[in-house]
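Derivation of every value follows stated rules applied to the coordinates shown; laboratory data play no part. Remember, predicted model here, so these are calculated numbers, not experimental data. Note that we place each Cβ from the backbone using ideal geometry, even for glycine, and neighbour counts take in every protein chain shown.
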Amino acid sequence: MRQDRRLYWLLLAPALLLMAVMLYYPMVGTVYESFHETSFLNPDPKFAGLALYRRVLADGTFAEVLVNSIVWTLGVVLLQNVFGFLAALLLNQNLPMQGALRAIVLLPFILPGVVAAILWRFMYDPQLGLVNSLLLSAGLIENSVAWLADSRMAMASVIVAAVWKGFPFSMLIYLAALQNVDRSQIEAAMLDGAGPVRRLLDVTLPAIRDVIVVNIVLTLILTFNYFDIIWVLTKGGPQSATHIFPTKIFETGFGQFRFGEAATYGVFSILVLSVLVALYAIVQGGASRRRAAA
Amino acid sequence: MNQTRATRLGLMLLQLLLATVVLLPFFWMISVSLKPPTEPFAIPARLWPDDPTIGNYITAFRPEFRTYFLNSLVVSLSTVAITVSLGLFAAYSFTRGQLAAISALIGLVVLAQMFPHSAIIIPIYKMMRGANLLNTYWSLILAYVSVTLPVAIWMLRGFLLKLPAALEESAAVDGATPMRVFWDIVVPLSRPGLIATSVYVLIVTWQEFLFALSFTSTKEMRTLPVGLNDFIGQYGIRYGELMASSVMVSLPVMAVFFFLQRYFVAGITAGAVKG
C-alpha cells in the first residue's frame, strides 16, 4: 500500500511541478515585479517600493482602463448569457433539425479568436464592411460609420463581436442544463395550468440556478482576461477607448518593455477581477437568502 | 409538448434568425475569399461573387503560411499529447490514490484555471529568457501545457469519477498492480474523456495568441494566429487573401470538431452542469 502511494505521487508529480513553476510561481513573481523597475535601457530590476503603483495610478489611462474593463466585462457577460440562454431555450424545443442547428450555432466558438477578430474587423470596415452596407441598405444609418475608429462606438463594436464569438459557449452549457430538468415537474406545472412563461420562471429557472451561477462566473473570468478580440480589432484604441487590462499589460510589457509597470497593471487586474467575482458572490448569496426566507 | 401550429412556426422563424446571425459572417468570409481580385467591392455589398475563384487560396498558401501552419501543428499536437498524458496521470492519482491533502490540491488546480494569462506572462517570459527558450517551440509548448493542464485534469477527473469501480476492484483482487490497472482498464475505458479533453486542448492551443505573440520574434517561429495578424498590415486591404488565409486557419479545428463533436460537447458540459 505504501508503495502504491508512492506511485500515485509519482504520477501526480509532473503536473503539480509544472503548475507550481509555470502558474503559481509567476503569480507570486508578478507581485515581485510590480515592486521592481526595469526599462529597455536598464533591464536589471531595481527595487522601487510603491513607486510603480503611484506612477500607474497617477497615469490618466489607469482610470480609463479600469472603467473600460468593467464596461467590457459586464457588457459581454450580460449579453452573452442572455443570448446564450435564449438560444438554448430555442434549441430545447421539440422542433426538426435541432442537432444540425446546434452544430451551426457552435461554429463561432470553435473559430480561432484571431480569425473571428479579423472577420469582424472586415465586417466593420467603413467602406467595404458588411455592417455599414446592410445598415445603409436598410436605411438605418445615413452615412457610413467608422465603428472601430470612433471612440464613442468602438467599445460597443468590440462587445458585439465578442458576444457573437462567445454566446455559443454559454448556450452549450445552458442547453445541457435544460435537458437535465426533470420533465415530470414541468408536466405537473402544465396540469396546474401554468403557461410557458410561468413554467420557465417557476420550474426551469430554479432548477438550473446553479448552472446559471457557474456560467456567469466562468464567462466573467474568461471575458475579463480575453485579449485576442480587442488586440486585433483596435489594439486598445482609438486613444485608449477600448484598452482593458490584458491589452494594457501587453502594450506596457512587450510594446514598451516596462515590465515593472506591466506587472503592476497585472496585480491591479487580479484585484479587480477578484472584486468583481466577490461582488457577484455577495449579490448571488443575498438573493439566495431572500428566496430562502420568502 | 402540445405546441400550436402558430407557435411552432414562430419558433422555427426564430431558429432561422439565429442561424442567420451566426452564419452571415461565415458566409461573407467565404464569399470574399472566392472573389477575384479584379471584382470591385460594391455598396451595397454583393453577397456572392459573380465569378468565384480559388485564386486567393493559391496566393495565400505561400511559403510563410506553410511555415506558420507547420509551427502551429507541431506546437498544438505536442501540447495535446503532453497535457492529456500528464492530465490523465494526475486525474488517476486524484481519484484513486486516497492521498493526503488531496482536496487542497484539487482546490489549487481549480484556482489555477482562473489565473489571467496576461497577469502572469511577464515572469514566465523572464523564465523563458533565462532558460534561453524564447523563440523556440519549447517556450510555447511549456506555456500551453501549463495553462491547459488544470482544465484537462478537471475534465478527466470528472470522467474517472464516473467509471464503474467494479472492474478495477476485481483486477486488484486478482493481484494487478495499480500500474497494470491503469494501463489495462483505466486508459481504454477513459477513451471518450481522452478524446473530449484532446479536442478541448487542441481548440485552445490552435488559436492561442498572447503567448505566441510575446514569445516568438522571427517569422520562422510564428504560429498561425500571430502570422495571420501580421498579414493585416502587410497586405493592406487585400481582404480576399486575408479571408482565404482565415478559412485555411479555421478548417483543421472545424474538421476535428465536426468528427468528434459528440465527445467534446459531453466533456465540456459535464464539468459545468454536474459541478
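Have a look at A:161, A:146, A:262 and tell me which one the Gaussian network model of chain A (Cα, springs below 10 Å) gives the largest fluctuation.
In this elastic network of chain A, the residue with the biggest mean-square fluctuation among A:161, A:146, A:262 is A:146.
Per residue of segment A:101-115, in order, report the coupling 6.51 cos²θ - 1.76 cosθ + 1.60 (Karplus, θ = phi - 60°) as ³J(HN,Hα) in whole Hz, putting x for Gly and Pro.
The phi angles translate into 5, 4, 4, 5, 5, 6, 3, x, 5, 7, 4, x, x, 5, 5 Hz.
Let me spell out the model: positive unit charges on the Cβ of Lys and Arg, negative unit charges on the Cβ of Asp and Glu, origin at the Cα centre of the protein assembly as shown. What dipole size does that give, in debye rounded to 20? Working shown, then result.
On the way: 38 positive and 29 negative charges, 168 e Å.
Result for the protein assembly as shown is approximately 800 debye, rounded to the nearest 20.
Per the Kirkwood formula on distinct C-alpha pairs, the Rh of chain A is how many angstrom?
Here the Kirkwood hydrodynamic radius works out to 22.4 Å.
So what J values fall out for segment B:92-101 if you push phi through Karplus, 6.51 cos²θ - 1.76 cosθ + 1.60 with θ = phi - 60°, rounded to Hz, Gly and Pro as x?
Values, residue by residue: 4, 5, 5, 8, 10, x, 6, 8, 5, 6 Hz.
Give me the compactness ratio for chain B, meaning the Cα radius of gyration over 2.2 N^0.38 Å.
1.25
If you place +1 on the Cβ of every Lys and Arg, -1 on the Cβ of every Asp and Glu, and leave all else neutral, what size is the dipole of chain B about its Cα centre, to the nearest 20 Debye? Don't skip to the answer; put the middle values down first.
Working: 18 positive and 12 negative charges, 74 e Å.
Once rounded to the nearest 20, the dipole reads 360 debye.
Just the Cα atoms of segment A:88-221: what Rg and Dmax do they give in Å?
Over segment A:88-221's Cα set, Rg and Dmax evaluate to 19.3, 57 Å.
Counting only Cα atoms, I'd like the Rg/Rh figure for segment A:1-118, Kirkwood definition for Rh.
With Rh from the inverse mean 1/r over Cα pairs, Rg/Rh is 1.18.
Mind scanning A:248/B:35; B:126/B:219; A:235/B:219 and naming the pairs with a C-alpha gap bigger than 27 Å? List each step's numbers first, then the result.
Details: A:248/B:35 37 Å; B:126/B:219 21 Å; A:235/B:219 21 Å.
Cα-Cα > 27 Å for A:248/B:35; rest within.
Count the net charge of all other residues whose Cβ sits under 13 Å from the Cβ of residue B:199, scoring Lys and Arg as +1 and Asp and Glu as -1.
So the environment of residue B:199 carries a net charge of +2.
Per-residue mean of other chain beta-carbon atoms within 10 angstrom of the beta-carbon, peptide B:120-132?
Going residue by residue through B:120-132 and averaging, the value is 6.
Which of the peptides B:61-73, B:184-196, B:22-34, B:101-113 is most tightly packed, and how do the rest follow, going by the mean number of other Cβ atoms within 10 Å of each residue?
Ranked by mean Cβ neighbours within 10 Å, highest first: B:22-34, B:184-196, B:61-73, B:101-113.
Enumerate the amide H contacts of residue A:36 below 5 Å, restricted to partners 5 or more residues apart or on another chain; note that Pro and chain-start residues carry no placed amide H.
A:48
I need the phi-derived Karplus couplings for segment A:60-76: 6.51 cos²θ - 1.76 cosθ + 1.60, θ = phi - 60°, integer Hz, Gly and Pro marked x.
x, 6, 4, 4, 5, 4, 4, 5, 4, 4, 6, 4, 4, 5, 5, x, 5
In peptide B:107-116, how many Cβ atoms from other protein chains are near each Cβ within 10 Å, on average?
On the way: counts 0, 5, 4, 0, 4, 6, 3, 11, 11, 15.
That works out to 6 on average.
Just to verify a number: FRET efficiency for residue B:165 and residue A:20, C-beta to C-beta distance, R0 = 45 Å, to 0.05?
Efficiency for this residue pair is about 0.90.
With a ≥ b ≥ c the root eigenvalues of the C-alpha gyration tensor of the protein assembly as shown, is it rounded (a/c under 1.5), prolate (a/b larger than b/c) or oblate?
Judged from the Cα gyration tensor, the protein assembly as shown comes out rounded (a/c under 1.5).
Find how many whole Å separate the alpha carbon centroid of segment B:149-201 from the alpha carbon centroid of segment B:101-130.
25 Å
What's the magnitude of the charge dipole for chain A around its Cα centre, counting Lys and Arg as +1 and Asp and Glu as -1 at the beta-carbon? Answer in Debye, nearest 20. Each step should come with its number before you reach the end.
Working: 20 positive and 17 negative charges, 133 e Å.
Charge dipole, chain A, about its Cα centre: 640 debye, nearest 20.
Cα convex hull of segment B:133-275: how many Å³ per residue?
Measuring per residue, one finds 137 Å³ for the Cα hull of segment B:133-275.
On average, how many beta carbons from a partner chain sit within 10 Å of the beta carbon of a residue in B:90-96?
Taking all residues of B:90-96 together, the mean is 5.
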